[in-house]
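Report on one structure; see the data block that follows.
The values are calculated or read from the model by the stated rules, or taken from the named source; none is laboratory data. Keep in mind that what you see is a predicted model, and the values were worked out from it rather than measured. Methodologically, a virtual Cβ is constructed for each residue, glycine included, from the backbone with ideal geometry; neighbour enumeration extends over all protein chains shown. Calculation scope for accessible area: heavy atoms of the full protein, side chains included, ligands and nucleic acids excluded. Shrake-Rupley method; radii C 1.70, N 1.55, O 1.52, S 1.80 Å.
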Amino acid sequence: MAAPSEHVRLGGPRSPARPEPPPTRFHQVHGANIRMDPSGTRATRVESFAHGVCFSREPLAPGQVFLVEIEEKELGWCGHLRLGLTALDPANLTVVPEFSLPDLVSLGHSWVFAITRHHNRVPRESQPEAEAAVPGGPQALLVEPYLCIEQFRIPRDRLVGRSRPGLYSHLLDQLYEQNVLPPTARRSRLGVLFCPREDGTADMHIIINGEDMGPSARGLPAARPLYAVVDVFASTKSVRLVQLEYGLPSLQTLCRLVIQRSVVHRLAIDGLHLPKGLKDFCKWGCCFRFVPWPL
């Protein structure tokens, strides 16, 4: 296992020895009621409330976030998205379990939790339980552009859900940034990662709209491949993957942050004398191709 100091590079400038992780994709092995889009980045449950278990196509790298955004909800069901990690290779599963909880977990070497703000924060032996139960509140994106989780530093920008531009988008965006909305609200962004420790184990962390919920599980086998688990369960009908930039923020992101800081809300961007491609990028974050403009 690599030394902890080597893992820090995931959140900073990369070296040839530790390249940028590949884009995240869903595994071709999944629950019977899941339909994948051709890119492998959107998973939709087409029937019932179960058989919606999905996996990452590749094992996660230390500190790599498997981030999903809730695209669609379905009324009439009780329960929400479930998220976690497994050391089981999805390709070796004879049958994909109907549920991640308890079916997949009962197979062993899997750690999955229903998404809430107050779930399974595991204190260290030397840490009081009350202290572990209250994570730090989310910091404003423009004040602190990075989320720090143990030895990793992750750009916060794309970790936070964003509403579609509209009349009340400036109000809704603040609710996402302050993590006021329910964690499984439509367009919320939820992620899972693991952080290796010096004793050869790892801690699993779950992120909700840019806020670290603290360790959900400890003692994971850091030396084994760990796959992300996403259970598109009950009222959660469809999710899509969100790709992150590691290392230094891109020039696109830095320019967008400066522009957004200078306007009241995203609708005001339309009144700026900027190319349409740049205004679209500023409003949507990552859905449009960036068009350079003369300096």
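One table, with the values for the structure above:
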{"read-out": "Segment 29-118 - accessible surface per residue (Å², probe 1.4 Å)", "value": "44 Å²"}
{"read-out": "Ranked packing of 61-72, 38-49, most packed first, by mean Cβ within 10 Å", "value": "61-72, 38-49"}
{"read-out": "Potential lengthening between H273 and D89 on full extension [0.36 nm per residue; Cα-Cα distance subtracted]", "value": "61.1 nm"}
{"read-out": "Cα-projected label distance for E71 with C148, points at 7 Å along beta-carbon direction, nm", "value": "3.6 nm"}
